[in-house]
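What follows is a short report on a single structure.
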Amino acid sequence: METMETVHTLLFVLQVLVAVGLIGIILVQHGKGADAGAAFGSGSSSTVFGSQGSGNFMTKVTTVLVVIFLSNSLFLAYLASNNMNEAPISLLDQPEIAIEQDAIEQDIPAIIEEQTEIQDSDLPSLPTE
C-alpha cells in the first residue's frame with residue numbers, strides 16, 4: 001500500500017510540474033495577431049528559432065505537454081477511484097465500537113455534580129423555556 005502512495009505522490013508532482021510548464025509555454029507563444037505586427041518591424045524578436053519563427057517548436061512542445069498532462073490526469077483519476085473502492089461507502093459499513101457500560105455509568109455522577117456546582121454559583125442563570 002505504501003508503494004501506491006509513493007506512485008500517487010510522484011504522479012501528482014509530475015502533474016503540477018507539467019501544468020506549470022504548460023502555462024509557461026502557452027504564455028510565451030505569439031497569438032495570431034502577432035503576425036500582423038511583424039510586418040511593421042516588430043518581428044525581429046522571433047529570429048532565435050530561425051526564419052519560420054518559434055511556432056513549429058512551441059507547437060510540438062505544447063502538444064507533448066498536453067498529452068502528458070491528460071494521460072497523467074486519467075491515471076490519477078483511476079488511482080483515486082481504486083482508493084474509493086477500498087474505503088467503506090457508509091458509516092454503517094464500519095465495524096462497531098464497543099462502549100463499556102460501566103465507564104458511562106461512572107461518568108454520570110461526575111456530570112451531575114458539575115451541573116449542581118454551576119447552579120450554586122453567584123452568576124445569574126440563563127432563561128430556559
Check: Pairs, please: C-beta under 7 Å, at least 6 apart or cross-chain, first residue in contact (Cβ under 8 Å) with a residue 40 or more places away in the chain and at positive phi and in segment 14-31, second of a type outside the set (G, A, S) and in a loop (DSSP other than H, G, I, E, B)?
Finding: none
Notebook entry, point to check: Got a number for residues in segment 1-32 being small (G, A, S) and not in a helix (DSSP H, G or I)?
Noted result: 1
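Here, each number is a calculation from the coordinates, and none is a lab measurement. These numbers were taken from a predicted model, which means no experiment stands behind them. Positions of Cβ are generated from backbone atoms using ideal geometry, with glycine treated the same way; all protein chains shown enter the neighbour counts.
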